[in-house]
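**Q** What follows is a single structure, and I will ask about it in a moment.
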Amino acid sequence: DKIVVSLPIIQKGLESITNEAEKETAVRSMLYHEVSHAILTPIKIFDYIRGEEGRYVFNVFEDERIETVLNDYYMDVNFKQQLFNIMGEIPKVDVNDPRSVFYSVVRYRYGKKEWTDKVAELIREYSQINRNSNSEWEKPRGQRVDSYYYGIIDLWRQIKDDITDKFT
């Protein structure tokens, strides 16, 4: 297995930072984000993902889950600040673009309360799955990789089907 770290993303993440200590935290946050995928993203999940849309939806959600679960595990990382460094403040949401709305709901918790609550619930419920988790019942937690993926897809479909220009 390999971990891919994008130099253009690192450069973009460092553009607005002038303080050297903050640059170190930013680079550490970006690197640990990718390492966290190797630790927590279940390999078996890829048995369920279908198409480019499925990959996008899963990756957005999994980025949020790994950062939420491991944020307090690593020393001197700030995943949320790094998200702002790369993406800017809460991006303007295009209510005609389900991906834009989904991204804002998952990564910034900006959107209908029922959606943001569902994000928190899924992260909490599936916080213990990891690289070696599969679709068998995990004992003692009772978590399944397929249930995690379909929970994400259900949220995606709910958002996609219910977007209005007043989604907050």
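The values are calculated or read from the model by the stated rules, or taken from the named source; none is laboratory data. Only a predicted model underlies this, so the values are computations on that prediction, with no experimental measurement involved. Cβ coordinates were reconstructed from backbone atoms using ideal geometry, including for glycine residues, and neighbour counts include every protein chain displayed. Accessible surface areas use protein heavy atoms only, side chains included; no ligands, DNA or RNA. Shrake-Rupley method; radii C 1.70, N 1.55, O 1.52, S 1.80 Å.
**Q** Between residue 47 and residue 3, 0.36 nm times their residue separation minus their Cα-Cα distance comes to what?
**A** Residue separation times 0.36 nm, minus the Cα-Cα distance, leaves 13.9 nm.
**Q** Which whole-Hz ³J(HN,Hα) couplings does region 58-66 yield from phi under the Karplus relation 6.51 cos²θ - 1.76 cosθ + 1.60, θ = phi - 60°, glycine and proline marked x?
**A** 5, 5, 4, 5, 5, 4, 5, 4, 5
**Q** For region 1-123, which whole percent of the accessible surface, found with a 1.4 angstrom probe, sits on carbon and sulfur atoms?
**A** Of the solvent-accessible surface of region 1-123, carbon and sulfur hold 53 percent.
**Q** Which residues make up the longest stretch of the chain clear of GluC sites (Glu not before Pro) that lie in a DSSP loop with no more than 12 other Cβ atoms within 10 Å, not counting the sites?
**A** Maximal segment without exposed cleavage sites: 16-88.
**Q** Right, another one. By how many nm would the segment from residue 73 to residue 127 lengthen if fully extended, with 0.36 nm per residue of separation less the alpha-carbon distance?
**A** Result: 18.1 nm gained on full extension.
**Q** Just the accessible area per residue of region 37-76, please: how many Å² with a 1.4 Å probe?
**A** Here the per-residue accessible area is 53 Å².
**Q** So, one more: Taking trypsin sites (Lys or Arg not before Pro) that fall in a DSSP loop and have at most 16 other Cβ atoms within 10 Å as cut points, what is the longest piece of the chain between them?
**A** 3-49
**Q** Return the single residue from 95, 105, 145 with maximal mean-square fluctuation; model: Gaussian network over the chain, springs between Cα atoms under 10 Å.
**A** 95
**Q** Given the pairs 23/92; 2/118; 12/113; 23/118; 12/44; 2/113, which span a C-alpha to C-alpha distance of over 29 angstrom in this model?
**A** Checking Cα-Cα distances, 2/118; 12/113; 23/118; 12/44; 2/113 exceed 29 Å.
**Q** Turning to a different aspect of this structure: Going through region 16-80, which chymotrypsin sites (Phe, Trp or Tyr not before Pro) have at most 10 other Cβ atoms within 10 Å and a DSSP loop state?
**A** Answer in residue order: 73.
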